[in-house]
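One structure is given below, encoded as structure tokens.
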Amino acid sequence: MDATTKRTVKLLDLTAQYLPIRNEIRRAIDEVCDAQALILGPHVEKFEKHLAEYCGTKHAIGVSSGTDALLCAMMALDVGPGDEVICPSFTFFATAGCIARLGATPVFAEIDPRTFNLDPADLPKRITSKTKAILPVHLFGQVANMEAINEIACKNNLPVIEDAAQAIGARRNGRKACAHGLIGCLSFYPTKNLGAFGDAGGICTNDDKLAEKCRKLRVHGSGHTYYHDYIGGMFRLAAIQAAVLDVKLKYLEGWHEARRRNAVIYNEILAGSNVVTPFIEEGNWSIYNQYVVRVKNRDEVKKKLGEAGVGNGIYYPLGLHMQKCFSQFGGKEGDLPATELACKEVLALPIYPELHEDEVRYAAEMLREAAK
Ligand SMILES: *Cc1c(COP(=O)(O)O)cnc(C)c1O
């Protein structure tokens, strides 16, 4: 194949999702424009109701981002200086960043190398008298081993906060992400399975008191304007985002299914190759926010894939325990071998719902070749 006929498969194409629902989205945005109720208000309330129904939780609270969802949830649980919160190191920065921003210490636990999710077997030894909460992440769209994590949490009387930023709608033993722990956090960043037209996030819980506190914390801790019960933040969801999200929520299950179909094609073509395909634990139904494989010679494979026109990404190249900004917590190379190995071997492939079957086949075949 010469340069002029070379094909390209993008890692993600948001336009392909937008075009078929363009009119519907624009009508929804127009409604907000005409109503001029721009922050919180009826559009946000309607979306929150649908979001809670979708996640199978009693409450859903719209907030300004996934990061702010985590921050607000931890503020609601009074996480602060002197506290420790246990989370994985192999995750997006926000997971631990929010812990540290509240003056608490992120205590990094090891991952199960098959699922990339927090390994419950590593959890008990991380618990101290200072532990305030456990914060598992449902990485790449697969729910962590919540039965085991909940059992350990329960024994130690600790709340579990789910970082479900990459896992809206993912199921484990019939229960959706955000409905396993005490409180769950969602991101609607545009690259997530349910993406807004800007930053947005959500908090889900069955706990009435926590929900009420989060609702106040997102408006500087006030229940009634100018009277403040808590020191909160400005975590409000914009009405335009809620209107867009409410339209998109109707299509979400179909998009999940399309991603799962793409994953099956990858799995078939990559079977028997040097590529380790995603391991989905028994009882799990992944939404494949990312399709992440492992390869030994990752950087070389990445280069070859790029040359073949196949978009790809590395999530994540460096564990949080080794980030410069967390050096005060004393993490160093060798602390978390499974995490550090994953950082060297992972590669994310295009998986978005609108990919054509021949594009997925092409990407899979190029990967299989590149890893030979
Ligand atoms: C995206 C993401 C977040 C943060 O969400 P934002 O909406 O970008 O602030 C938090 N945790 C994980 C695991 C994420 O992937």
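The values are calculated or read from the model by the stated rules, or taken from the named source; none is laboratory data. Please read all numbers here as calculations on a predicted model, not as lab measurements. All Cβ positions, glycine included, derive from the backbone under ideal geometry; neighbour counts span all protein chains shown. Ligands, DNA and RNA are excluded from the accessible area calculation, which covers all protein heavy atoms including side chains. Shrake-Rupley method; radii C 1.70, N 1.55, O 1.52, S 1.80 Å.
Select from the range 16-32 the residues that are free of Cβ contacts under 8 Å to residues at least 24 places away in the same chain and over 14 Å from Tyr251 (Cβ atoms) and list them in ascending order.
Arg26, Arg27, Asp30, listed by residue number.
Just for the range 100-109: of the residues that are open to solvent by less than 20 Å² (accessible area, probe 1.4 Å) and touching a helix residue (DSSP H, G or I) at 6+ places or on another chain (Cβ under 7 Å), which one is nearest to the ligand (Cβ to nearest atom)?
If we take residues in the range 100-109 being open to solvent by less than 20 Å² (accessible area, probe 1.4 Å) and touching a helix residue (DSSP H, G or I) at 6+ places or on another chain (Cβ under 7 Å), then Pro106 is nearest to the ligand (Cβ to nearest atom).
Please count how many residues of the range 145-162 are closer than 21 Å to Pro113 by Cβ and open to solvent by 10 Å² or more (accessible area, probe 1.4 Å).
Qualifying residue count for the region: 4.
Counting only residues that are closer than 28 Å to Glu354 by Cα and loosely packed, with under 14 Cβ neighbours inside 10 Å, how many does the range 27-45 have?
Looking only at that region, the number is 2.
Does the range 329-372 hold any residues that are surrounded by 17 or more Cβ atoms within 10 Å (Cβ to Cβ), more than 19 Å from Arg260 (Cα to Cα) and out of contact with any strand residue (DSSP E or B) (no Cβ under 9 Å at 6 or more places or on another chain), and which are they?
Residues satisfying the conditions are Glu340, Cys343, Arg368.
Out of the residues in the range 123-151 that are within 13 Å of Asn284 (Cβ to Cβ) and in a loop (DSSP other than H, G, I, E, B), which is farthest from the ligand (Cβ to nearest atom)?
The qualifying residue farthest from the ligand (Cβ to nearest atom) is Asn145.
Could you tell me which residue of the range 278-321 is farthest from Ala342 (Cα to Cα), considering only residues that are among the hydroxyl-bearing types (Ser, Thr, Tyr) and open to solvent by less than 10 Å² (accessible area, probe 1.4 Å)?
Among those residues, the one meeting the criterion is Ser286.
Listed here are the residues, each with its yes/no results for (1) modelled with pLDDT of 95 or more; (2) open to solvent by 10 Å² or more (accessible area, probe 1.4 Å); (3) within 16 Å of the ligand (Cβ to nearest atom).
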position	(1), (2), (3)
Ser64	yes, yes, yes
Cys87	yes, no, yes
Phe92	yes, yes, yes
Asn117	yes, no, yes
Ala121	yes, yes, no
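Could you pull out every one of the strands (runs of 3 or more DSSP E) wholly within the range 179-250 that has 3 or more residues that are in contact with a helix residue (DSSP H, G or I) (Cβ under 6 Å, 6 or more places away or on another chain)?
183-187, 201-205
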